[in-house]
Amino acid sequence: MESQFWKKDVEDEIQKIENKELLEKLFQKLDLKYREIFVLRFEEEKSYDEISEILKIPKSTVGVWLNRARKQLQKEYLKIKEKYE
């Protein structure tokens with residue numbers, strides 16, 4: 001019984017690693033400006049106002065670029081997913 005729990009933990013960790021590697025691959029495919037804005041928003045947890053000030057762009061542009069970045073990530077993800085199906 002104990003080994004089943006351990007096996008599940010190991011499988012979960014492997015899945016996390018694989019997901020992280022996939023995210024890193026996808027992230028590298030983003031345009032530089034989108035990578036930068038993604039890091040500021042999701043890793044550094046900056047607000048739209050803070051990002052706007054840091055990058056010297058309008059606040060509305062922050063939202064537009066984040067949306068475009070998400071779409072680009074989704075598009076790249078679907079490309080990769082198709083390769084493995």
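The values are calculated or read from the model by the stated rules, or taken from the named source; none is laboratory data. Here the structure is a predicted model, which is why all the values come from computation and not from measurement. Methodologically, a virtual Cβ is constructed for each residue, glycine included, from the backbone with ideal geometry; neighbour enumeration extends over all protein chains shown.
For the stretch 36-85, filtering for residues that are of a type outside the set (Ser, Thr, Tyr) and in contact (Cβ under 8 Å) with a residue 12 or more places away in the chain leaves 18. Within the stretch 33-45, the presence of at least one residue that is more than 30 Å from residue 83 (Cα to Cα), modelled with pLDDT of 75 or more and outside any helix (DSSP H, G or I) is confirmed. Scanning the stretch 22-32 for residues that are in a helix (DSSP H, G or I) and loosely packed, with under 13 Cβ neighbours inside 10 Å returns 23, 24, 25, 28, 32. A count restricted to the stretch 46-85 and to residues that are outside any helix (DSSP H, G or I), over 25 Å from residue 18 (Cβ atoms) and of a type outside the set (Val, Ile, Thr) stands at 4. Taken over the stretch 13-50, the criterion of being aromatic (Phe, Trp, Tyr) and touching a helix residue (DSSP H, G or I) at 6+ places or on another chain (Cβ under 6 Å) is satisfied by 34, 38, 48. Filtered by the rule that a residue be surrounded by 15 or more Cβ atoms within 10 Å (Cβ to Cβ) and of a type in the set (Ser, Thr, Tyr), the stretch 51-76 gives 52, 61.
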